[in-house]
Amino acid sequence: MHYMDHNATTPLDPNVWEAMLPYYQYYYANASSRHRLGMQQRDAVESARERIANVLRVEPVQIIFTSGGTEANNLFLYGASYGRMAKSIWVGAYEHPSIMEPAKTLARKEWQFKVIPGQQDGTLDLDAWQIDKTLMKDSIVSAMLVNNETGVIFDIKKLAERLENSGTCLHTDATQAIGKIPVDFEALGVDALTLSAHKCYGPKGIGALVVSKRLDIAPQIIGGGHERGRRSGTEPVPLIVGFAEAVERAEMQREAWVHHVKPLRDKLEHELKSLGAMVFAENTERVANTTYFGFDGIHGDSWVIFLDEGEFAVSSGSACSTHKSVNASSVLQAMGYQRERAETAVRISLGWATTVDAVEALLVLIKQGLTKFSKMPAMYLV
Ligand code: PMP
């Protein structure tokens, strides 16, 4: 099977696995225990925290380990809303459900919920968005750094500049950014940032919310007082060690990764267009591994099934939305596409293991698919 769904998750880097293994096999003590075995575990956790902090250019105390990106996003939205008694919540039009859903939940209480509008090229319309400084006071804003579907890179620094002195607290979801573009907390000008290990060849089930030292976050999981009281629960030491190894390696190999995946993605995209595909956010700055496209009248899910039968794993949009009944990409709809067009979307996201032979074989299969779908009954079509 050719795996081309790296934005959904990446395989575990064998080097990361090797770093984690001793913590499953031999070092099993609780990092909160006072004996020497416990202290060894504490050292492993704190040294991992320091390694991640170095990559992001923050201080270790700014990192709160969570179970992944979803929890980090929830922790920010609930934690910052309750922590600073924010009055309104603004989120980008393309946010992941782990931002959108908590924001909507808060909106059902006393918070105002607003969306920063999207536009056709897949970016946020910061110019049309009139920042009302009185409304912004004490509000929180969350906008992702890289979109999981289109791969569009957002100008978070510009957003931070717009919000300067407005009394807002700005968060960015960098889950899809780490290892793909530089992620520097201070340079972005944010107050909080989300990370997840499994999108950069690390283990599933671990991530972090990185916060500025000024930010008050009300804990959402309470009990043992772990993570300085900001997120309770016995630390999963093997996952934390794997997270640090993955983040360090992803950053170290970032340029080589771009060098590997970009020509493959560009070739794929070029050929897809010559076959008549529409590439979404084509002319917008995007991460190097992602292509998001559709063919007129053919449902994205039909492609996923067809390509799966041909041994290629791709996605028809955000994998996270497959547990829900709504299938058309909300990201594309926020860009102004009609539902019919949004339903055609297929996402291919490449990684280290992708070869030119695999891309060529995929293109042959897509050509066969076009012939097949042109003769298909309407159920296969949009
Ligand atoms: N944010 C974005 C942009 C994502 O792509 C994902 C993963 N689909 C998440 C958050 C959630 O991360 P996790 O899977 O670690 O909970």
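What follows is calculated from the coordinates using simple rules that are stated; it is not laboratory data. Since the model is a prediction, treat every value here as computed from it, not as a measurement. When we count neighbours, we look across all protein chains shown, and the Cβ atoms used for this are built from the backbone with ideal geometry, even at glycine.
Once you list every other residue whose beta carbon is under 14 Å from the beta carbon of TYR28, what net charge do they have if Lys and Arg are +1 and Asp and Glu are -1? Residues near TYR28 contribute +1 overall. Total lysine pairs in segment 191-296 at Cα distances under 27 Å, for residues eight or more apart or on different chains: 5.
Counting every other Cβ atom within 10 Å of each residue's Cβ, LEU365, LEU21, LEU209 order from fewest to most as LEU21, LEU365, LEU209. When the P(r) of segment 1-138 is calculated, the portion above 28 Å amounts to 42% of the C-alpha pairs. Among the trypsin sites (Lys or Arg not before Pro) within segment 154-241, those in coil by DSSP and having at most 14 neighbouring Cβ atoms inside 10 Å are LYS213, ARG214. Per-residue ellipticity at 222 nm computed for the chain from its helices equals -12000 deg cm²/dmol, with DSSP H segments shorter than 4 residues left out and the rest contributing -39,500 (n - 2.57).
Using every pair of distinct Cα positions in the chain, the Kirkwood expression returns a hydrodynamic radius of 21.6 angstrom. Is the shape of segment 191-244 best called rounded, prolate or oblate, per the rule: a/c under 1.5 gives rounded, else a/b larger than b/c gives prolate, else oblate, with a ≥ b ≥ c the square roots of the Cα gyration tensor eigenvalues? The shape class here is oblate. Can you pull out the trypsin sites (Lys or Arg not before Pro) in segment 50-84 whose DSSP state is coil and whose Cβ has at most 12 other Cβ atoms within 10 Å? In loop regions of segment 50-84 (DSSP not H, G, I, E or B), the sparsely surrounded trypsin sites (Lys or Arg not before Pro) are ARG57. The aspartates and glutamates within cross-link reach of LYS104, meaning a Cα-to-Cα straight distance under 13 Å and a gap of 8 or more places when in the same chain, are GLU95. Once both labels are modelled 7 Å past Cα along the beta-carbon direction, what's the GLN119-GLU186 spacing in nm? It works out to 3.2 nm between the two label points.
The rule of thumb for compact globular proteins, 2.2 N^0.38 Å, goes into the C-alpha radius of gyration of segment 57-172 1.03 times.
Run the numbers on the chain and let me know its relative contact order in percent, using alpha-carbon pairs under 8 Å that are six or more apart. Relative contact order of the chain: 22 percent. List the aspartates and glutamates whose Cα sits under 20 Å from the Cα of LYS137, skipping any in the same chain fewer than 8 residues away. Qualifying aspartates and glutamates at Cα under 20 Å: GLU110, ASP127, GLU161, GLU164, ASP191, ASP216.
Membrane-span-like helices of the chain, defined as complete DSSP H segments with a Cα extent of 20 Å or more along the helix axis and a mean Kyte hydropathy of at least 0.0, are identified as 237-252, 356-374.
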